[in-house]
Amino acid sequence: MTRRVRKDDFPVSQVRRYLEPGPIVLVSSQWQGKTNIMTLGWHTILEFSPSLVGLMISAGNHSFI
């Protein structure tokens, strides 16, 4: 049984209000037909206008492509 999860899109300019408290976030990706999701605990706001979010994914991590 496949379960569908509803995803919401947020304008990049408003995302920082959710990220600034420092929550654990889920990052999903798709590359060459492979999908992946990972938890991410290190992220930061790099710029406010235009909005820019920074994060680190180590090359030793399964999620690094």
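For the chain, what is the mean residue ellipticity at 222 nm derived from helices alone (per DSSP H run of n ≥ 4: -39500 (n - 2.57); sum divided by total residues; nearest 500 deg cm²/dmol)? Please list the in-between numbers first.
Working: 1 runs with 8 residues, N = 65.
When only DSSP H runs of four or more count, the value is -3500 deg cm²/dmol.
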Item checked: For the chain: span of alpha carbons on each principal axis (Å, largest first) -> 39, 30, 21
Check: Once amide H atoms are placed 1.01 Å from N in the peptide plane, what residues at a sequence separation of 5 or more from residue 53, or on another chain, have their amide H within under 5 Å of its amide H?
Finding: 46
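State the extension gain, in nm to one decimal, for the chain segment bounded by residue 43 and residue 2, taking 0.36 nm per residue of separation less the distance between their alpha-carbons. Walk me through the numbers before you get to the answer.
Values: separation 41, 0.36 × 41 = 14.76 nm, distance 3.08 nm.
That pair, residue 43 and residue 2, stretches by 11.7 nm at full extension.
Arrange 52, 26, 19 by Cβ neighbour counts within 10 Å, fewest through most, would you?
Values: 52 12, 26 8, 19 15.
The fewest-first ordering by Cβ neighbours comes to 26, 52, 19.
Each value in this text was obtained by applying a stated rule to the coordinates, not by laboratory testing. Owing to the predicted nature of the structure, the values given are computational and were not obtained by experimental measurement. Reconstructed Cβ throughout: ideal geometry from the backbone, glycine too, with neighbour counts over all protein chains shown.
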